[in-house]
Amino acid sequence: MNTQKGFTLLELMIAVVVVAILAAIAIPNYQSYMIKTRRATAAGCLLELSQFMERFYTTNLRYDQDTAGNTVALPATQCQADLAGYYAFALETPTARTYTLSAVPQGAQGSKDPSKCGNLTIDETGKKRATGEGADAGTCWR
């Protein structure tokens, strides 16, 4: 008697259903972790840019322009390049004694963030803020 070995259609369908259930659980969790990771990276970028501003102030004794009168410009950093398409970084209207740096979420980062952190900002005093609806700066800056 010759018997054939292999999977039945029922066994194959059960395997497909199990994989689909696992994917339905894993994919949203993965996306949530990616959003949190990019937000933490953006916070790190803001700290790096804040350090640049403090070094600029130490050299020029003001935040808005150098000793030659040239307006301050943020340097291009690797972390900004890594987050291109997810966050836009900006120096918001610096004065001689104040500045505010912001990271504005773009695309999927802004629309799918479950914590609704919104824009992350830091100023010359080191005050960290999150401007999203009901956002907690302590949670959003982790």
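Rule-based calculations on the coordinates, nothing more; no lab input. Everything numeric in this text was worked out from a predicted model, so none of it was measured. Cβ coordinates were reconstructed from backbone atoms using ideal geometry, including for glycine residues, and neighbour counts include every protein chain displayed.
Couple of notes before you dig in:
- Computed over segment 27-141, the percent of Cα pairs more than 16 Å apart is 58.
- Unit charges at the beta carbon, dipole of the chain: most positive-side option, 50, 130, 10: 10
- The count of lysine pairs in the chain with alpha-carbon distances below 21 Å, taking only pairs 8 or more places apart or on different chains, stands at 6.
- When the helices of the chain are scored as -39500 (n - 2.57) per DSSP H run of n ≥ 4 and the total is divided over every residue, the value at 222 nm lands at -15500 deg cm²/dmol.
- Summary of packing: across the peptides 40-51, 85-96, the per-residue average of other C-beta atoms within 10 Å ranks them, highest first, as 40-51, 85-96.
- For the chain, the longest principal axis of the alpha carbon atoms and the long axis of helix 9-60 meet at an angle near 10°.
- Cα pair distances of segment 1-72 binned at 5 Å [whole percent]: 3, 12, 10, 9, 8, 7, 7, 6, 6, 5, 5, 5, 4, 4, 3, 2, 1, 1, 1
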